[in-house]
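The values are calculated or read from the model by the stated rules, or taken from the named source; none is laboratory data. Please read all numbers here as calculations on a predicted model, not as lab measurements. Heads up, the Cβs are rebuilt from the backbone with ideal geometry, glycines too, and the neighbour counts pull from every protein chain shown. These accessible areas exclude ligands, DNA and RNA; they are computed on the full protein's heavy atoms, side chains included. Shrake-Rupley method; radii C 1.70, N 1.55, O 1.52, S 1.80 Å.
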Amino acid sequence: QVQLVESGGGLVQAGDSLRLSCAASGRTFSNDVMGWFRQAPGKEREFVAAINWSGRSTYYAYSVKDRFTLARNNAKNTVYLQMNSLLPEDTAIYYCAADRHPYAVTHLSGPIKGDYWGQGTQVTVAS
C-alpha cells in the first residue's frame, strides 16, 4: 500500500500563489502516476493534474491549465503542485492521488483514476 500526505494549503487572496506538496511512502513503484484532485463544498470531486514518473509528461484540467504546474522530486518521493493566479473558484480541499500501472506510462492523455489517496489539504482563496 502507498501512503500519501499532502501539505501546503492555506488562506490566500485572489491572484496569490501556493505550492502544495505530496509525500509518498510505503510500497511505491517507478510506474506510478501521481496527481491531484479537488473538491469544493457541494460539488463532486474533480481532477486537477497528473504527472508520470519521469516528469516529462503532464496532463491538466482545462480550468487550471496555464496557471498550475506539476513537478516531482523522485529522490524525495514527493510531487509538487505550484498554483499561480489563484481564483476564488479554486477554493477546495485538494487531494493527492496515485495510479498504479504495471508498466511505465510515457504519455498522459487524460485524468488519472486514483488508486490511492491522501487526507487532503484545504485551499481557500478570498475574493
So, Arg38, is that one over 11 Å from the mean Cα position of the chain (by Cα) and not aliphatic (A, V, I, L, M) or not? no
Region 26-47, residues that are open to solvent by less than 60 Å² (accessible area, probe 1.4 Å), part of a strand (DSSP E or B) and out of contact with any Pro (no Cβ under 9 Å at 6 or more places or on another chain): Gly26, Val33, Met34, Trp36, Arg38
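Out of all the residues in region 93-127, which are more than 13 Å from Glu6 (Cα to Cα), loosely packed, with under 14 Cβ neighbours inside 10 Å and touching a residue at least 40 places away in the same chain (Cβ under 8 Å)?
Residues of region 93-127 that are more than 13 Å from Glu6 (Cα to Cα), as a first pass: 99-115, 124-127.
Restricting the remaining residues to those that are loosely packed, with under 14 Cβ neighbours inside 10 Å gives 102-104, 106-107, 109-110, 113, 126-127.
Pro102, Tyr103, Ala104, Thr106, His107, Ser109, Gly110, Ala126, Ser127 - these are the residues of region 93-127 that are more than 13 Å from Glu6 (Cα to Cα), loosely packed, with under 14 Cβ neighbours inside 10 Å and touching a residue at least 40 places away in the same chain (Cβ under 8 Å).
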